[in-house]
Amino acid sequence: MPAAPHPAYPVGLRLTGRKTVVIGGGQVAQRRLPALIAAGADLTLVSPSATPSVEAMADAGEITWVRRRYERGDLEGAWYVLIATGDRAANDEASAEAEEHRVWCVRSDDAEAATAWTPATGRTEGVTVAVLSTEAADRDPRRTAAIRDALVEALRDGTVGVERPHTPGVALVGGGPGDPDLITVRGRRLLAEADVVIADRLGPRDLLDELPPHVEVIDAAKIPYGRQMGQEAINQALIDHAKQGKAVVRLKGGDPFVFGRGMEEAQALAAEGIPVTVVPGISSSISVPGAAGIPVTHRGVAHEFTVVSGHVAPDDERSLVDWGAMAKLTGTLVVLMGVDKIGKIAAALVAHGKPGDTPVALVQEGTTAAQRRVDATLATVGETVAAEGVKPPAVIVIGDVVREGPERNRR
């Protein structure tokens, strides 16, 4: 029986400052060059043409572009070469030169003729995951990419049982608008490493069910406090757990610094000398309208958008919003935490000159299975909210963009 083919020997190449040649400036080069740049390679591209993205790398000085076809001698002094042209004869000639110079050579057109293969790679937490098929005949890029993705995701969300460094302190994590898939990769990783999670009501609740049994989950809404002591009590809970040497995650809806009082918490922790990590989140101010088919900006319709808090009415002395200025804006106005005040908000905008027929959309429970959209105008929104039973959380969008949407172009 013939001997079984030998598998490829995996190795990590350290290319920093070492000459690396890429032949061909098409889509393959466009995909591979960023990783080679990140590796610190001294990159030379040999190609008469290049994609706009590859050309931008040359313009930025990240690569040296020799604007011609491959010529013998181009691989002199190279440590590594990627051959990615559509010319089989040129590829064979360059591959032969690489063999003569003992240069590891990857070929996009013929894996069997190459002396090296590019694995499907992913990076997380200072680790590179690289997946290779055992032999050229079995190379299936989709399969190796799927394995890579599964491993990286498992490392990131903590489902792979890897011992992780225990880092005491507090992470203020923006959980996004509600859909658990919309939390950032870093936010999900920190959740997997947490000893204690203090969660807001509007955070992505489904993620809490994935936490290991030993993680203490505290509902911030249930921390005992009076009307004016809520934030102080939450701050103290963060401080107390962190001082016990625990890794604490403060899980918030949206972004910690968009009406999330995240800076108040960061300042309280800093005053106690407690390390704070801030992980931005996807703000509901743009993601929820987007999920409902509403662009907050649109060419020819809105060149700006403004996000305001509606948690106090325009006639409340605590309000910091200049509603007169808001009424004069020609772009989009997004109101958060304003469902129960929207009648007064609409009246104030109209009183300051905003047309009563300005469209309004309210998106309740955005990005979740319970999402629904209710449309009105400034003149009717107060009555509509009461009639339709719109409840918080809901994002309110005011402006002509409400009339836009994917279906508009199909009319």
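The values are calculated or read from the model by the stated rules, or taken from the named source; none is laboratory data. None of the values given here were measured: they were computed from a predicted structure. Glycine gets a Cβ as well: all are built from the backbone with ideal geometry, and neighbour counts include every protein chain shown.
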Problem set entry | In region 74-100, residue farthest from L15 (Cα to Cα) [restricted to those that are β-branched (V, I, T) and in contact with a Cys (Cβ under 9 Å, 6 or more places away or on another chain)] | I83
For this session: Please name all residue pairs, on different chains or six or more residues apart, with Cβ atoms under 8 Å, provided the first residue is in region 201-212 and is more than 24 Å from G230 (Cα to Cα) and the second residue is surrounded by fewer than 16 Cβ atoms within 10 Å (Cβ to Cβ).
Result: L211/V217
Exercise. Picking from A38, A50, A60, A56, which residue would you name as being touching a residue at least 24 places away in the same chain (Cβ under 8 Å) and of a type in the set (G, A, S)?
Worked result: A50
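Tell me the residue from V296, V321, V308, V312 that is under 24 Å from R373 (Cα atoms), touching a residue at least 12 places away in the same chain (Cβ under 8 Å), more than 20 Å from the chain's Cα centre (by Cα) and assigned to a loop (DSSP other than H, G, I, E, B), please.
Exactly one residue qualifies, and that residue is V312.
Condition check ((1) aromatic (F, W, Y); (2) crowded, with 19+ Cβ neighbours inside 10 Å; (3) within 20 Å of G174 (Cβ to Cβ)) across all residues:
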| position | (1), (2), (3) |
| --- | --- |
| G245 | no, no, no |
| V249 | no, yes, yes |
| D255 | no, yes, yes |
| M263 | no, no, yes |
| L269 | no, yes, yes |
| I282 | no, yes, yes |
| P295 | no, yes, no |
| G300 | no, no, no |
| E304 | no, no, no |
For this session: State which residue pairs qualify: first residue assigned by TED's automatic domain parsing to the domain that holds A327 and inside region 343-357, second residue part of a helix (DSSP H, G or I) and of a type in the set (F, W, Y) in any location, beta carbons under 9 Å apart, and separation of 6 or more residues or different chains.
Result: I345/W323; A348/W323; L349/W323; A351/W323; H352/W323
Exercise. Failed condition for P289, given (1) crowded, with 21+ Cβ neighbours inside 10 Å; (2) within 21 Å of L362 (Cβ to Cβ); (3) not assigned by TED's automatic domain parsing to the domain that holds L333, with all others met?
Worked result: (3)
Problem set entry | Of all residues making up region 183-212, the number that are crowded, with 18+ Cβ neighbours inside 10 Å, in a helix (DSSP H, G or I) and hydrophobic (A, V, I, L, M, F, W, C) | 4
For this session: Return the only residue of T51, T64 being assigned by TED's automatic domain parsing to the domain that holds G25, in contact with a Ser or Thr (Cβ under 6 Å, 6 or more places away or on another chain) and more than 20 Å from A114 (Cβ to Cβ).
Result: T64
For this session: For region 338-361, state whether one or more residues are crowded, with 19+ Cβ neighbours inside 10 Å, out of contact with any Leu (no Cβ under 6 Å at 6 or more places or on another chain) and hydroxyl-bearing (S, T, Y).
Result: no
